[in-house]
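Just below is one structure, and these are the notes that go with it.
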Amino acid sequence: MFFTRKANQTDVSDIANIHFESWNATYSELLPKMYRDKENNLSQKMEMWGKVLPSSGVNTWIAYDADNTTVGFISYFKKDSKCEITTLYLLPQYQNLGIGTKLMNAALIDAFQCNSCSSLSLWVLQTNLSAINFYEKFGFESDGQCHEELYEGTKITDVRMIKLL
C-alpha cells in the first residue's frame, strides 16, 4: 500500500536521494556516462531541494509506503495560469507498481483545483519512450517544441508535452 502527501522541508534528504538514484537508473541507457556523471551529483541535489521545497509556487508531492519510507516524488511550479512538471522520479525497485500514477493524479488534482492551472506541461527526453507513453496515458501530447543540446558529439533532445486542464 502506498500513499501520497505534500512534501515538506523534512523530506529534502529523501527527495534528493531518490532524484539522484532514479536519475542514474533512468538515464543509464539513454545518456552518455560522462554526461550523467557531470549532471547528477548528490550534494548538488541536496542543496537544490533544500532551496526548492520552501519556494512559493513550487508544489512537491511524495509517495511513501506503510513504513513511511519515501519511494518517489513529483514536483511542479506555477507561472501565471500555466504549470510545469519539473520532476517525477521513483526508486527503480518501485516502478511499475502504480505509484507514478498516484503521484501524477495528486499533481493533476492539485494543479487544477488548488492552483487554477489552465495547462500542465513537462519536458521529457525524446528517447525515453516509457516516460512518453506514461504521460500520453494522462492526456499529455507533444506540442512540437524541443530543446537540443550537443554533448561530446551526442545530440540530446528534450520534447515538450502539454495537457490542458
Cross-link pairs Lys78/Lys137; Lys6/Lys33; Lys82/Lys137; Lys6/Lys155 - those with Cα-Cα distance over 31 Å
Lys6/Lys33; Lys6/Lys155
GNM on the chain, Cα springs under 10 Å; top mean-square fluctuation among Asn68, Asn128, Asn105 goes to Asn68
Placing +1 on the Cβ of each Lys and Arg and -1 on the Cβ of each Asp and Glu in the chain, which of Ala63, Met34, Val159 has its Cα farthest towards the positive end of the resulting dipole?
Ala63
Under a point-charge model restricted to the Cβ atoms of Lys and Arg (+1) and Asp and Glu (-1), what is the dipole moment magnitude of region 44-165 relative to its Cα centre, in debye to the nearest 20?
240
Arrange the residues Val52, Val71 by how much accessible surface each exposes, largest first, with a 1.4 angstrom probe.
Val52, Val71
Measure out, as a whole number of angstrom, how far apart the alpha-carbon centroids of region 128-161 and region 1-40 sit.
18
Isolated Cys residues of the chain, judged by Cβ distance under 4.7 Å to other cysteines:
Cys114, Cys146
On average, how much area does the Cα convex hull of region 76-165 cover when viewed from any direction, in nm²?
6.5
Mind sorting out which of (i) 16.4; (ii) 19.2; (iii) 17.8 is the real Kirkwood radius over Cα pairs in Å computed from the coordinates?
(i)
Starting from 0.36 nm per residue, how many nanometres of slack lie between Lys155 and Asn68 once their C-alpha separation is accounted for?
27.3 nm
Which residue fluctuates the most in the chain, going by a Gaussian network model with Cα springs under 10 Å, if the choices are Leu88, Leu31, Leu97?
Leu97
Which of these, Tyr135, Tyr76, Tyr151, has the largest mean-square fluctuation under a Gaussian network model of the chain (Cα springs below 10 Å)?
Tyr151
Run the quick spin-label model on Phe112 and Phe2: label points 7 Å from Cα toward the beta carbon, then report their separation in nm to one decimal.
2.1
Ignoring ligands, DNA and RNA, how do Thr60, Thr86 rank by accessible area with a 1.4 Å probe, largest first?
Thr86, Thr60
Using the Cα centre of region 1-64 as the reference point, and only Cβ charges (+1 on K/R, -1 on D/E), how large is the resulting charge dipole? Debye, rounded to the nearest 20.
140
Positive-end residue of Asn105, Phe2, Ser142, charge dipole of the chain with Cβ unit charges
Asn105
At a Förster distance of 41 Å, what's the computed FRET efficiency of Asn17 paired with Asp143, Cβ-Cβ distance as r, to 0.05?
0.80
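The values are calculated or read from the model by the stated rules, or taken from the named source; none is laboratory data. Here the structure is a predicted model, which is why all the values come from computation and not from measurement. Cβ coordinates were reconstructed from backbone atoms using ideal geometry, including for glycine residues, and neighbour counts include every protein chain displayed. Protein only, heavy atoms only, side chains kept; ligands, DNA and RNA dropped before computing areas. Shrake-Rupley method; radii C 1.70, N 1.55, O 1.52, S 1.80 Å.
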